[in-house]
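Here is the structure we will look at.
The values are calculated or read from the model by the stated rules, or taken from the named source; none is laboratory data. Computed from a predicted model, the values in this text were never measured in an experiment. Cβ atoms come from the backbone with ideal geometry, glycine included; neighbour counts cover every protein chain shown. The area values use the complete protein model at the heavy-atom level, side chains included, leaving out ligands, DNA and RNA. Shrake-Rupley method; radii C 1.70, N 1.55, O 1.52, S 1.80 Å.
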Amino acid sequence: MIVNCTVHDGYEISPRFRKSIEERISRLERDAASDQAQIDRLEDPDHIHRQMRLVIAQQAEALRMRLFLDRARARLPRPLIEL
């Protein structure tokens, strides 16, 4: 069964969780760039292939997380005083 996601089908997440995901995306993208730069130094074809798969996996995970954040909206904090 295929479900169409719209902007209204998103998730509510806390600002702290959103920040955590954003930091993880930054680390993944930074690590992918670093690992990509290492490919030129490698000689073994199998090692090059594994390194390229690692870079692709890191980039895919960062994209997946970005898409999640695009669908997510910040949860409003609870009021300090009950209304």
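Okay, here's what the table says:
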{"quantity": "Residue check for Ser20: out of contact with any helix residue (DSSP H, G or I) (no Cβ under 9 Å at 6 or more places or on another chain) and open to solvent by less than 80 Å² (accessible area, probe 1.4 Å)", "calculated": "yes"}
{"quantity": "Selected residue (criterion: surrounded by the fewest Cβ atoms within 10 Å (Cβ to Cβ)) from residues of segment 46-77 that are in contact with a helix residue (DSSP H, G or I) (Cβ under 8 Å, 6 or more places away or on another chain) and among the β-branched types (Val, Ile, Thr)", "calculated": "Ile48"}
